[in-house]
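Structure first, then comments.
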Amino acid sequence: MSYKDKVITLEQALDMIKPDMNVVTGLGAGEAQLIMNSIHTIADRVKNVTITNCLSMAHGDFLSEDYVDSFNIDGWFFSPPLRKAFKNGNISFIPNHLHLAGWKRLAHVKPDIFVGTASMPDKHGFISLSTSNTYESQMIEKADVVILEINPNYPRTFGDVEIHYSEIDYFIEADYPVPALPDVEPNEKDKKIGAYIAELINDGDTLQLGIGGIPNAVAYALKDKKDLGIHTEMMTSGMVELIEAGAVTGKKKTLHKGKHVATFALGNKKLYDFIDNNPSVMILNGKYVNDPAVIGLNDNMVSINTAMEVDLSGQVCSESIGHIQFSGTGGQADTAIGAQNAKNGRSFIALYSTAMVRNPETGVKEEKSKIVPLLKRGAIVTLSRNDVDMVVTEYGVAHLRGTNVKERIERLIAIAHPDFRDEIMKEAHEIGLIFDK
């Protein structure tokens, strides 16, 4: 069967979705935008369809409370639309470490349909999964039906994302732009944190960076470094800036030398243009890229992640506000542990020292410390205190590797906001975290 014989309409694709089916879509920009932005139109004829997604970029009409009987949404990583619609009662989070997310989900439920995105076929008939292979190829292998939105705007990438068109059941020809994330300009706190981290990064180190003001500030502060490498969960726009500045070459990498390795790419158009037909970029299966044992094969590996709250024993909450799910574990534990497995590896957890929090009694926002004696009630521990290495705020770096709890208390309070240090130490004594001789 030729490629053209496999092309169907959006309406034909939607007709394949039946009640009680399990539908999985790609991560981030790899999500099937046409299908997911139109799936609400079949709500009147389907019930109990479970949609599994991750960092969804769709506009979210299917998340309306009008469709709660038609669709259940299971998310590996909450995006703003899922957070907003969570109260509707048909949305739930899938606890996971990114490198295990795909196969653990498959151990629980097999997808009836996988819907995703792809670049156009090349002259040999191969398409590319383009922006993500975090779990996509695992789902394609197990799904009963695979439908890909094939799109000339999607970059053709290399790694283990290449699939011959004959292996795919159906294609929808699409022409929308690749979903992008706006660039986040670092603020003064970001720049201070970025500078502290940059001081501890050496020429030749291999990096994992996330996205946002702090990681962008770190990237900016690294432009004068030499021969850095990339082995990361997420390929970002900031990494392209480092490559173009000459700071990243990959020449010193001990794994995939000279290659920029990621499991997905999400950022601006410049990023997508850079990875298109670029053999220096490898988009590889998340089960491999984020495996801590694989990450540890990179000598001088550096992992940089952000957090919402850190307690005085070193427990890191990066995904919830109290018990309310905000985002997800993602690859934080994968990369933090993996980096510390590496020869001369290091892991950073970065956060602002304070946040503005609404007082539930007065309704007024108040400044609160993010270095706390105890995490909020019900807070999710994203990174165990056993796996924390260095914590950074705009007030400095707390080196926690190998330290006892008393040392951690002292070091973490030293990077808390000065206005809260005495209060934090007082509470630590009151609840018995520390005693004076």
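The values are calculated or read from the model by the stated rules, or taken from the named source; none is laboratory data. Remember, predicted model here, so these are calculated numbers, not experimental data. Methodologically, a virtual Cβ is constructed for each residue, glycine included, from the backbone with ideal geometry; neighbour enumeration extends over all protein chains shown. Note: accessible area is taken over every heavy atom of the protein model, side chains too, but ligands, DNA and RNA are not part of it. Shrake-Rupley method; radii C 1.70, N 1.55, O 1.52, S 1.80 Å.
Helices (runs of 4 or more DSSP H) fully within the stretch 206-294 that include at least 3 residues being under 16 Å from residue 132 (Cβ atoms) and either in contact (Cβ under 8 Å) with a residue 12 or more places away in the chain or among the aromatic types (Phe, Trp, Tyr) (or both): 269-275, 286-289. Under the condition of being closer than 22 Å to residue 181 by Cα and part of a helix (DSSP H, G or I), the residues counted in the stretch 74-97 number 6. Give the number of residues within the stretch 316-341 that are open to solvent by 10 Å² or more (accessible area, probe 1.4 Å), touching a Ser or Thr at 6+ places or on another chain (Cβ under 9 Å) and more than 24 Å from residue 92 (Cβ to Cβ). Of the residues in that region, 2 qualify.
With the condition kept exactly as written, say whether any residue in the stretch 237-258 is more than 22 Å from the chain's Cα centre (by Cα), within 20 Å of residue 335 (Cβ to Cβ) and of a type in the set (Val, Ile, Thr). Yes. The number of residues in the stretch 281-309 that are over 16 Å from the mean Cα position of the chain (by Cα) and within 22 Å of residue 79 (Cα to Cα) comes to 1. In the set 179, 186, 152, which member is part of a loop (DSSP other than H, G, I, E, B) and in contact (Cβ under 8 Å) with a residue 40 or more places away in the chain? So the residue among 179, 186, 152 that is part of a loop (DSSP other than H, G, I, E, B) and in contact (Cβ under 8 Å) with a residue 40 or more places away in the chain is 179. Of the residues making up the stretch 28-73, those that are open to solvent by less than 30 Å² (accessible area, probe 1.4 Å) and part of a helix (DSSP H, G or I) are 28, 29, 30, 33, 35, 36, 39, 42, 62, 63. Restricting attention to the stretch 1-20 and to residues that are open to solvent by less than 40 Å² (accessible area, probe 1.4 Å) and part of a loop (DSSP other than H, G, I, E, B), the residue that is farthest from residue 92 (Cα to Cα) turns out to be 3. Quick check: is even one residue across the stretch 246-253 of a type in the set (A, V, I, L, M, F, W, C), crowded, with 19+ Cβ neighbours inside 10 Å and under 30 Å from residue 118 (Cβ atoms)? Yes; the residues of the stretch 246-253 include at least one that is of a type in the set (A, V, I, L, M, F, W, C), crowded, with 19+ Cβ neighbours inside 10 Å and under 30 Å from residue 118 (Cβ atoms). Just one of the numbered conditions (1) under 21 Å from the mean Cα position of the chain (by Cα); (2) surrounded by fewer than 21 Cβ atoms within 10 Å (Cβ to Cβ); (3) not in a loop (DSSP other than H, G, I, E, B) is not true of residue 348: (2). Scanning the stretch 408-437 for residues that are open to solvent by 20 Å² or more (accessible area, probe 1.4 Å), farther than 21 Å from residue 347 by Cα and among the small types (Gly, Ala, Ser) turns up just one, 432. Restricting 381, 405, 372, 391 to those that are open to solvent by 60 Å² or more (accessible area, probe 1.4 Å), under 17 Å from residue 311 (Cβ atoms) and touching a Leu at 6+ places or on another chain (Cβ under 8 Å) reduces the list to 381.
Within the stretch 155-173, if we keep just the residues that are within 25 Å of the chain's Cα centre (by Cα) and assigned to a strand (DSSP E or B), the residue that is farthest from residue 280 (Cα to Cα) turns out to be 163. Report yes if residue 177 is buried (at least 17 other Cβ atoms within 10 Å of the Cβ) and out of contact with any strand residue (DSSP E or B) (no Cβ under 9 Å at 6 or more places or on another chain), otherwise no. Judged against the criteria, residue 177 is not a match. Considering (1) part of a loop (DSSP other than H, G, I, E, B); (2) of a type outside the set (Lys, Arg); (3) open to solvent by less than 10 Å² (accessible area, probe 1.4 Å), the lone condition that residue 303 does not fulfil carries the number (1). Quick check on the stretch 23-34. Is at least one of its residues touching a helix residue (DSSP H, G or I) at 6+ places or on another chain (Cβ under 9 Å) and more than 23 Å from residue 131 (Cβ to Cβ)? No: zero hits. Among the numbered conditions (1) in contact (Cβ under 8 Å) with a residue 40 or more places away in the chain; (2) in contact with a helix residue (DSSP H, G or I) (Cβ under 8 Å, 6 or more places away or on another chain), the only one that residue 65 does not meet is (1). Inside the stretch 138-156, residues that are open to solvent by 30 Å² or more (accessible area, probe 1.4 Å), out of contact with any helix residue (DSSP H, G or I) (no Cβ under 6 Å at 6 or more places or on another chain) and farther than 20 Å from residue 180 by Cα make up a count of 3.
When restricted to residues that are under 18 Å from residue 170 (Cβ atoms), in contact with a Phe, Trp or Tyr (Cβ under 8 Å, 6 or more places away or on another chain) and outside any loop (DSSP other than H, G, I, E, B), the stretch 102-141 contains 8.
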